[in-house]
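The values are calculated or read from the model by the stated rules, or taken from the named source; none is laboratory data. Computed from a predicted model, the values in this text were never measured in an experiment. Positions of Cβ are backbone-derived with ideal geometry, glycine not excepted, and every protein chain shown enters the neighbour counts. Remember, those area values only see protein heavy atoms, side chains included, never the ligands or the DNA or RNA. Shrake-Rupley method; radii C 1.70, N 1.55, O 1.52, S 1.80 Å.
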Amino acid sequence: MRTLLTIISLLFLLSSLQGSTLHVGSGQPYATLSQAAAVAVPGDTILIHAGVYSGGIFISQLQGTARAWITILAVPGEEVIFQGGTNAWQFSDAAYLLIRGITVQQQIGNGMNFDDGGSYETPAHHIIWEHCTFRDMNASGNNDLLKMSGVDHFEIRYCLFLNGAGGGSGIDMVGCHHGVIRHNHFENMGSNAIQAKGGTSHIRIEGNYFKNAGQRSLNLGGSTGLAFFRPIDAPFEASDLKVYSNIFIGSMAPVAFVGCINSEVVNNTIWLPERWALRILQETVDETRFPPCGFNTFRNNIVCIDQRVTGVCNIGPNTASETFTFSNNLWFHIDNAGWTGPVLPVEDTDQLVNMDPLLTDPENEDFSIAAQSPAIGAGYPVTSPERDFEDQLFLLPRSVGAIEGGVATGDHIPEIPMSARVRIWPNPANDHIIIDLSGLIELILQVQFYTLDGKLLKSVEVTDAATDQIEVNLSGAWHGHILVFFLFKDRIMVEKFILK
């Protein structure tokens, strides 16, 4: 929800700026990022002024707190570049860190490298990258624009990944957990745009744009040395990966399930892959530890191919492809009117075969769909993703593909009075609060509780509530001002109270 994210980001920045501001740059109190990081404490902002700075920086234990993050910020409107070095930055055991507006380029190792310092039981955690640029690797091997090893609770949003190394990834995750990769642009990658392996789980990849993004734009799983798994005894390469509302242009295979389990690819648009639309593989084979690649879902996607694709789905040995779920996908061969559809490991229930999705202008990268498209209303009624590539709500019934094509009506988005309010009491409160939603209970979707620095404390589904009031227990969650976001289908309302 872009509006919600924007509000939280602004609050986050205001909260961070309440600490000291450490100015970095020529003629500033600190000449280098390393000097500023050495004295930064929770709540501080490291403000980097315009310039081209040398890479090769190593920083350990830069940690904010849940109530006072540390921000590394390029001066708004100024270009801050870290150039060269093996890595531009290598951060070990970072925590509660927000990085915004930084560009890294021309490294020979990795663009940025964030890790847990080898202490697998104590991962780096709570890190946000926002509006950063990772580009132009000066390497051709297994070198990544952003390398993450043992990083939990992170978000990468509104970033650009451009011109990766021939054998590397845009984002490479080894043993990372509970992350969101949202609204980023990947172009001209090498092996992958995103790779998730080595015990990685609970990652949401949503609303991204992948153009010529490597041999496998998404490598959902992979092949990891046993010593590098996090946790060390993880029984899978990857699990619980959610791939939602993305657009893929080109690449050898946009999506590869590689030793992953319990993952899903839903409501994406795939345009003209070079060889396959998807692959099902198993590269780490150990029947006593790792289950075969299986129990994954491919649903509500638009897949358009041309004569270069001779087999839509490539299935390797040692997989459990028969456990996959396929449904409600639209398959279209732009060069062959007589094409009878893909050969898949299982039936694609309610599929649409060789029906033109009527994309608006794919040659100019406009993947919206016309009002007459057969994709409209043809989707399976999933609960996620809630929003499409353009951050608009999917309707009910939803379209297939990354962009909703239906027209919202009053049946889908009820009108909410502009004067509508809710009441929260007691205020201040000790641990329990009561929320009065009189007149709104049938319209509201969710209530979310945030701290002023953007930490989500609790999320409550209220659509099935039996009365106009709900009681919420926030015992042990926080103390201080709490922001309450009321999420409707077409609006967000915000209230505030104090938790003693």
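Considered as a group, the residues in segment 227-252 that are open to solvent by less than 10 Å² (accessible area, probe 1.4 Å) and among the β-branched types (Val, Ile, Thr) include one that is nearest to Cys176 (Cα to Cα), and that residue is Val243. The set of residues in segment 21-39 that are within 11 Å of Gly51 (Cβ to Cβ) and in a strand (DSSP E or B) contains only Val24. Within segment 72-91, does at least one residue satisfy the condition of being touching a residue at least 24 places away in the same chain (Cβ under 8 Å), within 16 Å of Gly19 (Cα to Cα) and either assigned to a strand (DSSP E or B) or over 25 Å from the mean Cα position of the chain (by Cα) (or both)? The answer is yes, given that some residue of segment 72-91 is touching a residue at least 24 places away in the same chain (Cβ under 8 Å), within 16 Å of Gly19 (Cα to Cα) and either assigned to a strand (DSSP E or B) or over 25 Å from the mean Cα position of the chain (by Cα) (or both).
Residues that are at positive phi and in a loop (DSSP other than H, G, I, E, B) were ranked within segment 186-206; the one that is surrounded by the fewest Cβ atoms within 10 Å (Cβ to Cβ) is Asn188. If you filter segment 278-295 down to residues that are open to solvent by less than 30 Å² (accessible area, probe 1.4 Å) and out of contact with any helix residue (DSSP H, G or I) (no Cβ under 8 Å at 6 or more places or on another chain), you find that the one that is farthest from Thr224 (Cα to Cα) is Leu278. Within segment 146-184, the set of residues being on the phi < 0 side of the Ramachandran plot and of a type in the set (Gly, Ala, Ser) comprises Ser149, Gly164, Ala165, Gly166, Gly167, Gly168, Ser169, Gly170, Gly179. For segment 451-468, the tally of residues that are surrounded by 13 or more Cβ atoms within 10 Å (Cβ to Cβ), modelled with pLDDT under 75 and not acidic (Asp, Glu) stands at 6.
Each row is one residue, and each column tells you yes or no for (1) open to solvent by 20 Å² or more (accessible area, probe 1.4 Å); (2) free of Cβ contacts under 8 Å to residues at least 60 places away in the same chain; (3) among the aromatic types (Phe, Trp, Tyr); (4) touching a Gly at 6+ places or on another chain (Cβ under 7 Å).
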{"site": "Pro254", "(1), (2), (3), (4)": "no, yes, no, no"}
{"site": "Leu272", "(1), (2), (3), (4)": "yes, no, no, yes"}
{"site": "Trp276", "(1), (2), (3), (4)": "yes, yes, yes, yes"}
{"site": "Thr310", "(1), (2), (3), (4)": "yes, yes, no, no"}
{"site": "Asn318", "(1), (2), (3), (4)": "yes, yes, no, no"}
{"site": "Asn329", "(1), (2), (3), (4)": "no, no, no, no"}
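Just so you know, in segment 43-69 the residues that are polar (S, T, N, Q) and part of a loop (DSSP other than H, G, I, E, B) include one that is least open to solvent (accessible area, probe 1.4 Å), and it is Thr65. Elements of the type strands (runs of 3 or more DSSP E) sitting completely within segment 111-185 and holding at least 1 residues that are under 28 Å from Asp233 (Cα atoms) and of a type in the set (Phe, Trp, Tyr): these cover 151-157.
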